[in-house]
Amino acid sequence: MPAVSIKPDIYWIGVNDRITDLFEGIWPISREGVSYNSYLINDDKKAIIDLMKSFKGDEYFAQIDEITDVSKIDYIIINHMEPDHSGLLRTLRRISPDVTLIGSAKTKKLLEDFFSIRDNIEVVEDGDTLSLGKRTLRFLMTPFLHWPETMMTLEISDRILFSCDAFGGYGAIQGSIFDDDCENIDFYQKEALRYYVNILANYSPRVLSAIAKLDGTLVDVIAPSHGLIWREETSHIVDLYKKWAECATEQTDPGVTLVYGSMYGNTDVVMNAVAQGISKAGVPVEIFDAARTHVSYILSSLWTKRGIMIGAPTYEVSLFPPMADVLNMAVRKRIKNKKAAYFGSYGWSGGALREMQKIIEPLKWDLLDTFEFLGAPSEKDIKKAEEFGTLFAHAVKKGD
Ligand code: FEO
């Protein structure tokens, strides 16, 4: 894509990635893509805010060429050192060896660790400013959004917040980079949630601190490092991020995530009866096959729904492995404050329930009910499964 003007002499120079299959080597983006948003301010002094992954360098430098000579860049503002932001740094320094790198004190250390760069670094602290001529930048330290060195950069006169990973999301740019020109906001919201839970959820208290810190700062444009630029209603994405961060400690939506796995269809039959029971109670349910759905997608639902219904058979005297993987990731992401229930088939010994309880123990989920059945479910089992679903859904709705 060509460079896009955000304000006079301020440009988006991002690149879409529809080739990488796994973000961070873990999270699928082959269908959705991702954008690496970088920004160029063409003032008396020329500054780039965040670079991008070492990828499609020709396209990236061609965007800069549209605006200025890349060798004339004075500053690279390094909001974040993760390689999806900093990957092109070594290449840029080869073209422009005298460029000054600006970042936090921790960035200085990471520059040495990741790139063996020790020179032309200027460390800034919270609230420090940098004049580019007509425009001035202010730096806001926002540690752990998403690494310890991370900061945001505010352009003061047009009130543009270059927010780094915060307020960003998966999803390559589909034509327009702005929220007010976008006909598919739902896609970006959904992908921002998935990104939030995959990447930032563990730092939810830091997200809330950063939002509190921004309170009172006038911001007309939020320009994150991934996904849409928000300028029509900046509060929309901030409110969503706040709501998702609060899910770490507070009551979530009164819905149920039903995650199941089935080897030969027996747990699947009961799953459908359980889902019917939940629906009869008027509670929304999202269903995921643990063996066929990447956990990246399941996490969005687990994070935001109050109830978790787990359906999985016993496998080798233990829990069906794809379900164990999902629950282990829930532990890693510290998904707490949930009401849970379990159902599943066993052949002779059982063991799934015992392992499931062991895995989820650190999360202190409120395990309300369990329902195990031997072999194939009988008609009585199926009827019981429906009632089991309804009772659980009522408890989720009640919320206490
Ligand atoms: Fe966009 Fe933390 O990387």
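The values are calculated or read from the model by the stated rules, or taken from the named source; none is laboratory data. Small disclaimer: the values here were computed from a predicted structure and weren't measured. Positions of Cβ are generated from backbone atoms using ideal geometry, with glycine treated the same way; all protein chains shown enter the neighbour counts. Side chains are part of the model used for accessible areas, which takes the heavy atoms of the whole protein and leaves out ligands, DNA and RNA. Shrake-Rupley method; radii C 1.70, N 1.55, O 1.52, S 1.80 Å.
Arrange the residues TRP12, TRP147, TRP348 by how much accessible surface each exposes, largest first, with a 1.4 angstrom probe.
These residues rank, largest area first, as TRP348, TRP147, TRP12.
Cut-off under 30 Å on the C-alpha distance; same-chain residues fewer than 8 positions from LYS380 excluded. Which lysines are left, in chain and number order?
LYS280, LYS305, LYS338, LYS339, LYS358, LYS397, LYS398
Using Cα-Cα distances under 8 Å and only pairs 6 or more residues apart, what relative contact order does the range 4-246 have, in percent?
17 percent
Go ahead and run the numbers for FRET between ASP366 and SER30, Cβ-Cβ distance against an R0 of 41 Å, rounding to 0.05.
0.65
Under 8 Å for C-alpha pairs, at least 6 residues apart: give me the relative contact order for the range 188-300, rounded to a whole percent.
Contact order relative to length: 29 percent.
What part of the accessible area of the range 155-257, given as a whole %, is carbon or sulfur when the probe is 1.4 angstrom?
46 percent
In degrees from 0 to 90, rounded to the nearest 10, what is the angle of the helix 295-304 Cα long axis to the longest principal axis of the chain?
Tilt of helix 295-304: around 80 degrees.
Need one word for the range 4-246: rounded, prolate or oblate. Basis is the Cα gyration tensor (sqrt eigenvalues a ≥ b ≥ c); a/c below 1.5 gives rounded, then a/b vs b/c decides.
Here the range 4-246 falls in the rounded category.
What distance in nm separates the two pseudo spin-label positions at ASP119 and ASP215, each 7 Å out from Cα along the beta-carbon direction?
The answer from the label model is 4.7 nm.
Going by alpha carbons, how many degrees (0 to 90, nearest 10) lie between the helix axis of 57-67 and the longest principal axis of the chain?
50 degrees
Kindly express, to the nearest 10 degrees and within the range 0 to 90, the angle between helix 234-246's C-alpha long axis and the longest C-alpha principal axis of the chain.
Result, in degrees: 40.
By how many nm would the segment from ASP158 to SER279 grow when fully extended, if each residue of separation counts as 0.36 nm and the alpha-carbon distance is taken off?
Full-extension gain reported as 38.7 nm.
Solvent-accessible area per residue for the range 121-231 at a 1.4 Å probe radius, Å²?
Here the residues of the range 121-231 average 35 Å² of exposed surface.
Report for the chain the percent antiparallel among DSSP-assigned beta bridges with both residues inside it, nearest 5.
Approximately 45 percent, going by the DSSP bridge assignments.
What 222 nm value per residue comes from the helices of the chain, counting each DSSP H run with n ≥ 4 as -39,500 (n - 2.57) and dividing by all residues, nearest 500 deg cm²/dmol?
-10000 deg cm²/dmol
Along the Cα-to-Cβ line of PHE55, 7 Å from the Cα, sits a label point; which residues in the range 144-161 have backbone N less than 20 Å from it?
146-147
Over the range 254-398, give the accessible area per residue in Å² for a 1.4 Å probe, as an integer.
That works out to 45 Å² per residue.
Calculate the spin-label point distance for ASP126 paired with GLU316, positioning each point 7 Å from the Cα along the beta-carbon direction, and give it in nanometres.
4.9 nm
What is the set of long-range amide H partners of TYR342 at a cut-off below 5 Å, with H atoms built 1.01 Å from backbone N?
For TYR342, the qualifying residues are ILE310, ASP369, THR370, PHE371.
Treating only the Cβ atoms of Lys and Arg (+1) and Asp and Glu (-1) as charged, compute the dipole magnitude of the chain about its Cα centre; round to the nearest 20 debye.
1060 debye
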